[in-house]
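Rule-based calculations on the coordinates, nothing more; no lab input. A quick note: this is a predicted structure, and the numbers were derived from the prediction, not measured. Here Cβ is always computed from backbone atoms with ideal geometry, including for glycine, and neighbour counts include all displayed protein chains.
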């Protein structure tokens, strides 16, 4: 049996322990909230600088990308190395900061693009475009010169694409390019890595 004095000491110790636990709980919660905040900041930083998931709107890149696909857009590599013909990129149209588009890079600055009967040539080299499965159209036919610090882009679905062959669009300044499409993320049935095409130009 405990004496009254021992009972009082025990009650005091329990109270001190409970007070200590309250403080620990507070700090645990605070630490959790700080960690959560840092994770959110990191996630937004990664999205702004490195990768961003984006949803395909429209059918101009069928069948490479379908409407509703979620794609991973990588933003950093073009800072350290130049764009390549065959890359699939996200960019803004000239003089339009509201909407982005997804297209394939066909030409780089200084290139001459010739389209005849829907067949594309760059600097006299005819491109092998196995990704074009929707049929060729002559509505893009013409000769195009890619301006300095610009790229020339066309959608894989030539029947509906509004791209550099359109007089309202023309060459796209490289500064208007957001990043390169690396993967299709969703739906899982279409998940894949996008590899650039080497045209041999």
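Figure legend: label point modelled 7 angstrom from the Cα of residue 121 along Cα→Cβ; residues of segment 150-171 with amide N under 20 Å from it are 152-154, 165. Building the convex hull from the alpha-carbon atoms of segment 64-201 and averaging its projection over directions returns 8.1 nm². Once the C-beta distance of residue 168 and residue 77 is scaled by a Förster radius of 41 Å, the resulting FRET efficiency is 0.90 to the nearest 0.05. Short-range pairs are left out: with C-alpha atoms under 8 Å and at least six residues apart, the relative contact order of segment 60-201 is 34 percent. Mind running the shape call on segment 99-155? Use the C-alpha gyration tensor, a ≥ b ≥ c as the square roots of the eigenvalues: rounded below 1.5 for a/c, prolate if a/b tops b/c, oblate otherwise. The shape class here is oblate. Each label was represented as a point 7 Å from its Cα along the Cα-to-Cβ direction; for residue 29 and residue 55 these points are 3.6 nm apart.
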